[in-house]
Amino acid sequence: QNINGCDSTVTLNLIVNPNVSSTQNITICQNALPYSWNNQSLTATGTYTALLQNINGCDSTVTLNLVVNPNVSSTQNKTICQNALPYRWNNQSLTAGGTYTAVLQNINGCDSTVTLNLSVNPNVTSTQNITICQNALPNRWNNQSLTAAGTYTAVLQNINGCDSTVTLNLIVN
């Protein structure tokens, strides 16, 4: 009833604003951790939620499916002969034995750190001085038939499979 005691009709137009929910799928690399999201510091793969307010002041639930792709590291041990230097490895020209690293991208686009332990076996050189009598000619030396005095060389392989250069100074009396 209104102020005068008469019927009064009131109409209510009720509008209900919906709560909103959404889902985000994000993939990051391990070196991007911790990942900051809606005032949370995320440190691992998982499903996370945040309760926010939308533009109408209603609850808005956001879900994050976070995938963390790992960084990868590996170690290679390589032994080479000295005559293989410089050794080319991941756009580096290595001139001596040692430990070297390269940061590459793996299939997921994340850091992949590769370490190379490079060992260099030396090439060996030696000299022999031999004196023989003339009637000992021809002299057989490292698959060579030597018929006169002189300096001769032979390239052999040492115990490590590397070049071993032997020089012979042959003196003929």
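The values are calculated or read from the model by the stated rules, or taken from the named source; none is laboratory data. Owing to the predicted nature of the structure, the values given are computational and were not obtained by experimental measurement. Here the Cβ positions follow ideal geometry from the backbone for every residue, glycine too, while neighbour counts run over all protein chains shown. Keep in mind that these areas ignore ligands, DNA and RNA; they rest on the heavy atoms of the full protein, side chains included. Shrake-Rupley method; radii C 1.70, N 1.55, O 1.52, S 1.80 Å.
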Please give the per residue volume of the convex hull enclosing the alpha carbon atoms of segment 91-173, rounded to a whole number of Å³. 125 Å³
By the rule of another cysteine's Cβ lying under 4.7 Å, the cysteines of the chain that fail to get a partner are 6, 58, 133
Where the Cα pairs of segment 53-120 fall when distances are cut into 5 Å bins, in %: 4, 13, 18, 13, 9, 8, 6, 5, 5, 4, 4, 4, 3, 2, 1, 0
Counting only heavy atoms of the protein chains, get the accessible area per residue of the chain (1.4 Å probe) and round it to a whole Å² value. 68 Å²
Please build a GNM for the chain, connecting alpha carbons under 10 Å apart, and tell me which residue among 90, 139, 31 fluctuates the most. 139
5 Å is the cut-off here: which amide hydrogens, built 1.01 Å from N in the peptide plane, fall below it relative to residue 45, excluding neighbours closer than 5 in sequence? 68
When you have a sec, figure out the Kirkwood radius of the chain from all distinct Cα pair distances and drop it here in Å to one decimal? 24.8 Å
What percent antiparallel are the DSSP beta bridges of the chain, to the nearest 5? 55 percent
In terms of modelled amide H atoms, which long-range or inter-chain residues lie less than 5 Å from the amide H of residue 79? 119
With all protein chains present, segment 1-128 has a carbon and sulfur share of its accessible area (1.4 Å probe) in percent of 47 percent
Phi-derived 3J(HN,Hα) across segment 129-134 with the Karplus relation (6.51, -1.76, 1.60, θ = phi - 60°), rounded Hz, x for Gly and Pro, is 10, 10, 10, 10, 7, 4
